[in-house]
1. Tell me, in nm to one decimal, what length is gained between Asp272 and Ala77 on full extension, where the rule is 0.36 nm per residue of separation less the Cα-Cα distance?
2. If you stretched the chain out fully between Arg192 and Thr322, how much longer would it get, using 0.36 nm times the residue separation minus the C-alpha to C-alpha distance?
3. For the cross-link pairs Lys70/Lys128; Lys128/Lys161; Lys105/Lys128; Lys70/Lys160; Lys128/Lys160; Lys230/Lys321, which exceed 18 Å when the distance is taken from alpha carbon to alpha carbon?
4. Counting only protein heavy atoms and using a 1.4 Å probe, what share of the accessible area of region 140-210 belongs to carbon plus sulfur, as a whole percent?
5. Under 10 Å from the Cβ of His143, count the other residues' Cβ atoms, weight Lys and Arg +1, Asp and Glu -1, and hand me the total.
6. Ordered by packing density, taken as the mean number of other Cβ atoms within 10 Å over each peptide's residues, highest first, how do 182-188, 146-152 rank?
7. Find out how many positive minus negative residues lie around Leu129, taking Lys and Arg as positive, Asp and Glu as negative, among other residues whose Cβ is under 11 Å from that of Leu129.
8. Relative to the Cα centre, what is the charge dipole magnitude of region 277-325, using +1 at the beta carbon of each Lys and Arg, -1 at the beta carbon of each Asp and Glu, and rounding to the nearest 20 debye?
Amino acid sequence: ESDCYTELVKHATDETFQITKNDLQLNFLNIVADEIEKKNINLPLSELATLIRDENFSAKQDFVDIIVQKFTANITAQIENAHKQRTANKAGADVTGSKLYRQTKNDLEQIKSLLGAESLKYSNIADKLAHEILQCSIDYFNHYKDSAIDPGDIVRILAKKAQSLAVGDIAKQRCKENIEAIQEWIDDAPEREKQKKIKSPLDGLLATLQLFDSKIETIANAKALINQAKPDLNRIRLILGSSDGLYLKLSTSVAVQAQQYIIKEVNSAQEDIEIKVIISRYQTIDNLKTVFKNAWEATLLVGTLDMDMDFKNNSYYPNKKTLQELCGQLGISTIESSPLILPTMPRVEQPPISSTKPRVEQSNSVNKSPTSSTKPHVEQSNSVNKSPTSSTKPRVEQSNSVNKSPTPSTKHHVKRNNSEFNNELRWGCLIFIIIMILLAITIPQIRPVSILIIIIAIANSRYI
């Protein structure tokens, strides 16, 4: 102990007073700190901490603990005050967070300089401060995100301030995730502008999708969904364009939901198919035909929607092909309608058959009646075209039906009708024979009679 210390004790007390040098230093520094807090000494507490940080004396660690506690208490009080302000006024949470950062940053740096960055006391108070500032940014964002005010940049700056203070892994990760989410929201600003333009049809479309979410997954509901969603989709396409990413995403979502409904009913119809066929073969096949036919119609309806290429190539087309194969197994037509392109017929030259030049009129049947000596004129109807019989070179016009070769007389037309009748009779006989074969297989009791009838039918068909 120094001579100054001995003399001080001797003059300030009597010889019976006992005090250590450590206690004397600590008492002195505590008095200085109290005077600073009372504003009696024009010296910030942070500067006092800076002054003693590089000095060595016996009471240093005890005084550091005391001064750190003062800094920590001040930061804690500021956090609690900010929490109350943020809760009461979320619209001003950005100001609250920025103010909290300014008022506590210096105290937190003093704690770090006195205790070190690895200190548990420092990391605890730093993470609490970062959490409150980050929460201010989150509350401000949630308050304004659906309004005309864009909170993006303010929120991002405040969140980065919180990130700069965080020490622990949990606090750092939380700050990182929120900054990424805010940045994504900022980047999506053009998309939000589009949504504002299409707000009315978009709300209608989302309501339709939500409505059908609660409905049974059937082909009928798939068709109803598409028909109900199409008007809103058409309005959105008109505003954004058919190649716009947001429009394609919305249209594809309708296609996805409708296709799920179709697949659900098709798969349900094929469950326990072997047992159903044994119980009622014809009824089961008829039911499958009905389901597959409706599914094919609904699938073509889905195809009228605009879809992104990934879904179209990897989901829609493969499912469409599978359904087409199922339909083919049951003889269901899957021909998609397309414009009919007829070949161009050549001009027909016909030698004159008399001195008169008849006028040929075309009707639903083939009738020929000379009318006058005028030049021939061909009128076209839905019946088979007939070539004129005159010396001129008229052009044969095409109709929506299949064109046939011209016939010279009514007699030939009658023969053609007889031939058609014979063909129909042959087909009827063939169907009858197939039915009798099936009956002979399935019902043993009538098998002899069925075989006899089949033989007679085959014999008679030779004369048709």
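1. Contour length minus the Cα-Cα distance gives 63.1 nm.
2. Full extension of this stretch gives 42.9 nm more.
3. Lys70/Lys160; Lys230/Lys321
4. Accessible surface attributable to carbon and sulfur in region 140-210 totals 52 percent.
5. -1
6. Ranking, from highest mean packing down: 182-188, 146-152.
7. 0
8. Using only the charged Cβ atoms, the result is roughly 280 debye.
The values are calculated or read from the model by the stated rules, or taken from the named source; none is laboratory data. All of these numbers come straight from a predicted model, not from anything done at the bench. No Cβ is skipped: glycine too gets one built from the backbone with ideal geometry, and neighbour counts run over all protein chains shown. The accessibility values were calculated without ligands, DNA or RNA, using every heavy atom of the protein model including side chains. Shrake-Rupley method; radii C 1.70, N 1.55, O 1.52, S 1.80 Å.
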